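Working notes, beginning with the structure itself.
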Amino acid sequence: MVAALVVGASCASATPASANSPAATALTETTQPAQQVTLITGDQVTVLPESNGVTNYALSPSAQLKMVQSVQSDGGDRYVIPADAMPYLGQLERSLFDVTALARTGVGKTGKIPLELSFPDGAAPAALPGITLTSAARDTATGYLDLESARAFGAALHQRIAEDLAAGRPAGSTALPATIRLAGAPRQDQDQGAQPRYPMHYLEIALTDLNGKSVNGMVSLVNTDSAAKASKTVEVRDGVTRIAVPAGHYAAYSTFTDRDADGTVKASRTATVEGFVVDDSPTTHTLTLDERTATTLVKVTAPKPATEDLLTLSFYREDPADRGIALTVVGYQLPEYVTPIAKPTSGRLHYVVQWGGKAPKAEDRYRVDLSFAAEGIPAQQSFSTKESELATVRDVLHTDPADTVPVAIDNGPVDPVILRHGLGGTGFFVPAPGVLTDYLGTSHTTKWAQYEMKGSSRQLMTADPHTYRPGTTTSTDWSRGPLSAGLGQWTGKQSCQACFAGGTVALGIPMLRDSMPDHTAVPLFYSPQTHYSLYRDDKQLFDQDGVQGAVVEVPKTPATFRGVLDVDRTAIPGVGQASKLRTELTVKYDPGARNTPLPGPHTCHAANPAQPCQIFGALTVDYRLDADLTTTSKAALQKLGLHVGHVAYSGAGSHSPITSVTVSVSFDDGATWTPAKVTGALGNYAAVWRNLPEAAGKSPSLKVTAQDKAGNAISQTITNAYTIAKSGN
């Protein structure tokens, strides 16, 4: 799956604190907010767009989902299409599956999918299963689906497929009563973009199944001389469609589904045609993708006992300029077949197989996740990894005592080709708290991405991709408390929230993180209430609800900036600890001094193209409380480990020595504070205090301050930071 998911920041207009304040804009949580979007079939996809236009995504499959296809053409939007929707593409327009656009436009925040329906001439509008109509006029209507009714609509699609098969017809032969699109999206015949810049030629595309019958489906087509000329997905209805394309060499992919009598997918077959030529002749060219060519079964052998629950095949066909199309077929306990294709002589065909399996017994709490890669699609499709090639990752799953819903852990291999097109993966839920041991293969790549999705709160904890060497064991804490707000240390691409360039200053504070330096939480369904203020030499420049930082233009003279973020999580389901957070971040600004430049590929919010982007010496604090996996302590003498450092991007950041650290604890909701004993040096500290017997069953608050030699400082207050176990527990 996925893992290294970017948390940056975007600009939205904001009102300055006063008429005399400089122009200011707000920093929100991400470049485009991460969202969990619902498809028309009821399946859900978590979407994390990146600033370079690619879309990272992860699937949350329903119990009924056996296969899903994902496609992205030449850096465009990502489409995710469940198997039962594939026979109806064209009538179910692409906008319904454009997860990039669904996240970008915020569709789904209200819990509803707005729809437009077009009925045949003379047909009166009528509701389809699950769809609630809100208006109707002649042969058009508007309506919506929510999550539950979308699942009902998906079940109705499956039933129609079963009826077609029972009657001896290919799946999807019986047309839907209406064409359905996302409300407000362009009509499919209007969303092809600019007019062609090249002489065009007719190409007729046909799909043929195992029985030689024409079938509906989708074709991914790319001009392998130059993807800029043509890189697209094409819906094929009634077995054939005609499009116009420039002359050149082409590769084409189409995934077919074999189904049993009740319509359930029992196998997928991805047919490939490579080197097809469209010449300059005036004749119509014909391209047929035949399921009967996809006869090679993909087989994976794991070095440990595991029951397969995931097999993902990804095809990245790029031109010589590294542009092209990405097609991924995800199967759940499903045989998958491919057409062997030799390594192309122009451009590349990067083929990646990802396999996942769970322990035969749930109580064993382990997974095996493997990946393999090749150039071309080899004739030999048997893959295996030696046990000595496995890396062991212990995912330690911490949880809030108020949250009893399982969490999802996602894994995805990372290589340069995958990164060009966006990470994708599938999450599997496991009970928490607890430890999940994941054995990761290193045959293809030693770099994997991981993230965690919480149960009740639907909070996504992102992380940088990490390199895992064979034979090593690594432990990763997820959502270890006490949770706090704050910056971190990242190696994966980030948008710098503590930078300046010339007279433009950006200072933001991510609203939630755990004890790992590269972990940052992203809200999906439930966002905390936030309030952010920014001061320059104690003069307020910015003050606004609902954001986590600001970008301001200021004089190019030394100054002290202080950002103050308040986070209120009390209304979020499953939150009992770290319910309120207050972070004050003080940074010294001196554009004339020798500062640390921001390295690539990180991006700068303090955008001044004439000046290099430089990193503030903003302080960070990582907490390691001596407690159990629910951040609950039975100790009479409480211990807390702290690492105090500076925000860093690929290792670049301040190294000013830490000069002071204080820790205080409150057992009465902040009315009084008791100093803890703090020892340590060089950024690593330990604090000790006594848990009062009368506080058993309660959640104390913590206050932490730190300062470095350069005058940068941080102050954090965490309300309900941890829980003291009740007597006898």
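Structure above, values below:
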{"read-out": "Sole residue being at pLDDT 80 or above, open to solvent by less than 30 Å² (accessible area, probe 1.4 Å) and either touching an Asp or Glu at 6+ places or on another chain (Cβ under 7 Å) or part of a loop (DSSP other than H, G, I, E, B) (or both), chosen from 40, 81", "value": "40"}
{"read-out": "Of residues in the stretch 445-466 being among the charged types (D, E, K, R) and within 21 Å of residue 357 (Cα to Cα), the one surrounded by the most Cβ atoms within 10 Å (Cβ to Cβ)", "value": "452"}
{"read-out": "Residues located in the stretch 560-582, provided they are surrounded by fewer than 21 Cβ atoms within 10 Å (Cβ to Cβ), part of a loop (DSSP other than H, G, I, E, B) and touching a residue at least 40 places away in the same chain (Cβ under 8 Å)", "value": "571, 573, 574, 576"}
{"read-out": "Extreme residue, most open to solvent (accessible area, probe 1.4 Å), among residues of the stretch 205-223 that are among the aliphatic types (A, V, I, L, M) and not in a strand (DSSP E or B)", "value": "210"}
{"read-out": "Boolean, residue 375 is open to solvent by 10 Å² or more (accessible area, probe 1.4 Å), within 29 Å of residue 54 (Cα to Cα), touching a residue at least 12 places away in the same chain (Cβ under 8 Å) and more than 25 Å from the chain's Cα centre (by Cα)", "value": "yes"}
{"read-out": "Any hit, the stretch 267-276, residues being touching a residue at least 40 places away in the same chain (Cβ under 8 Å), open to solvent by 30 Å² or more (accessible area, probe 1.4 Å) and under 28 Å from the mean Cα position of the chain (by Cα)", "value": "yes"}
{"read-out": "Residue 231 vs. criteria crowded, with 19+ Cβ neighbours inside 10 Å, over 26 Å from residue 174 (Cα atoms) and in contact with a Lys or Arg (Cβ under 9 Å, 6 or more places away or on another chain)", "value": "yes"}
{"read-out": "Within the stretch 109-149, strands (runs of 3 or more DSSP E) holding 2 or more residues that are closer than 17 Å to residue 95 by Cα", "value": "112-118, 140-146"}
{"read-out": "Selection count, the stretch 467-498, where residues are in contact (Cβ under 8 Å) with a residue 40 or more places away in the chain and within 18 Å of residue 391 (Cβ to Cβ)", "value": "12"}
{"read-out": "In the stretch 670-726, residue most open to solvent (accessible area, probe 1.4 Å) [restricted to those that are among the hydroxyl-bearing types (Ser, Thr, Tyr), assigned to a strand (DSSP E or B) and under 18 Å from residue 634 (Cα atoms)]", "value": "723"}
{"read-out": "Verdict on residue 442 being open to solvent by 10 Å² or more (accessible area, probe 1.4 Å), in contact (Cβ under 8 Å) with a residue 60 or more places away in the chain, touching a strand residue (DSSP E or B) at 6+ places or on another chain (Cβ under 9 Å) and farther than 20 Å from residue 576 by Cα", "value": "no"}
{"read-out": "Of the criteria (1) open to solvent by 20 Å² or more (accessible area, probe 1.4 Å); (2) modelled with pLDDT under 95, which one residue 606 fails", "value": "(1)"}
{"read-out": "Residues of the stretch 535-559 satisfying the condition of being assigned to a loop (DSSP other than H, G, I, E, B) and within 30 Å of residue 399 (Cα to Cα)", "value": "546, 547, 548"}
{"read-out": "Selection count, the stretch 684-717, where residues are under 19 Å from residue 618 (Cα atoms) and in contact with a Leu (Cβ under 9 Å, 6 or more places away or on another chain)", "value": "12"}
{"read-out": "Sole exception among (1) open to solvent by 40 Å² or more (accessible area, probe 1.4 Å); (2) assigned to a strand (DSSP E or B); (3) not hydrophobic (A, V, I, L, M, F, W, C) for residue 469, by number", "value": "(2)"}
{"read-out": "Selection within the stretch 609-639 - hydrophobic (A, V, I, L, M, F, W, C), surrounded by fewer than 20 Cβ atoms within 10 Å (Cβ to Cβ) and outside any loop (DSSP other than H, G, I, E, B)", "value": "637"}
{"read-out": "Counted residues, the stretch 277-297 - those being among the polar types (S, T, N, Q), open to solvent by less than 40 Å² (accessible area, probe 1.4 Å) and at pLDDT 95 or above", "value": "1"}
{"read-out": "Test: residue in the stretch 374-389 that is assigned to a strand (DSSP E or B), touching a Phe, Trp or Tyr at 6+ places or on another chain (Cβ under 8 Å), farther than 30 Å from residue 225 by Cβ and modelled with pLDDT of 90 or more", "value": "yes"}
{"read-out": "Residues (out of contact with any Asp or Glu (no Cβ under 9 Å at 6 or more places or on another chain) and either surrounded by 19 or more Cβ atoms within 10 Å (Cβ to Cβ) or small (Gly, Ala, Ser) (or both)) located in the stretch 354-369", "value": "359, 362"}
{"read-out": "Checklist (1) open to solvent by 60 Å² or more (accessible area, probe 1.4 Å); (2) modelled with pLDDT under 95 applied to residue 183, failing item", "value": "(1)"}
{"read-out": "Residues satisfying the stated conditions in the stretch 327-350, i.e. open to solvent by less than 50 Å² (accessible area, probe 1.4 Å) and among the polar types (S, T, N, Q)", "value": "328, 339, 346"}
{"read-out": "Qualifying positions in the stretch 512-532 - modelled with pLDDT of 95 or more and either open to solvent by 10 Å² or more (accessible area, probe 1.4 Å) or closer than 29 Å to residue 394 by Cα (or both)", "value": "512, 513, 514, 515, 516, 517, 518, 519, 529, 530, 531"}
{"read-out": "Every residue from the stretch 270-308 that is more than 25 Å from residue 86 (Cβ to Cβ) and of a type in the set (Lys, Arg)", "value": "304"}
{"read-out": "Strands (runs of 3 or more DSSP E) within the stretch 280-362 that include 2 or more residues charged (D, E, K, R)", "value": "307-318, 348-358"}
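A quick yes/no check of all residues on (1) under 30 Å from residue 145 (Cα atoms); (2) basic (Lys, Arg); (3) part of a loop (DSSP other than H, G, I, E, B):
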{"site": "225", "(1), (2), (3)": "no, no, yes"}
{"site": "252", "(1), (2), (3)": "no, no, no"}
{"site": "263", "(1), (2), (3)": "yes, no, yes"}
{"site": "269", "(1), (2), (3)": "no, yes, no"}
{"site": "274", "(1), (2), (3)": "no, no, no"}
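Each row is one residue, and each column tells you yes or no for (1) assigned to a strand (DSSP E or B); (2) closer than 19 Å to residue 47 by Cβ; (3) modelled with pLDDT of 95 or more; (4) in contact with a helix residue (DSSP H, G or I) (Cβ under 8 Å, 6 or more places away or on another chain).
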{"site": "451", "(1), (2), (3), (4)": "yes, yes, no, no"}
{"site": "476", "(1), (2), (3), (4)": "yes, no, yes, no"}
{"site": "481", "(1), (2), (3), (4)": "no, no, no, no"}
{"site": "492", "(1), (2), (3), (4)": "no, yes, no, no"}
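The values are calculated or read from the model by the stated rules, or taken from the named source; none is laboratory data. Being a predicted model, the structure only gives us computed values, none of them experimental. Reconstructed Cβ throughout: ideal geometry from the backbone, glycine too, with neighbour counts over all protein chains shown. Keep in mind that these areas ignore ligands, DNA and RNA; they rest on the heavy atoms of the full protein, side chains included. Shrake-Rupley method; radii C 1.70, N 1.55, O 1.52, S 1.80 Å.
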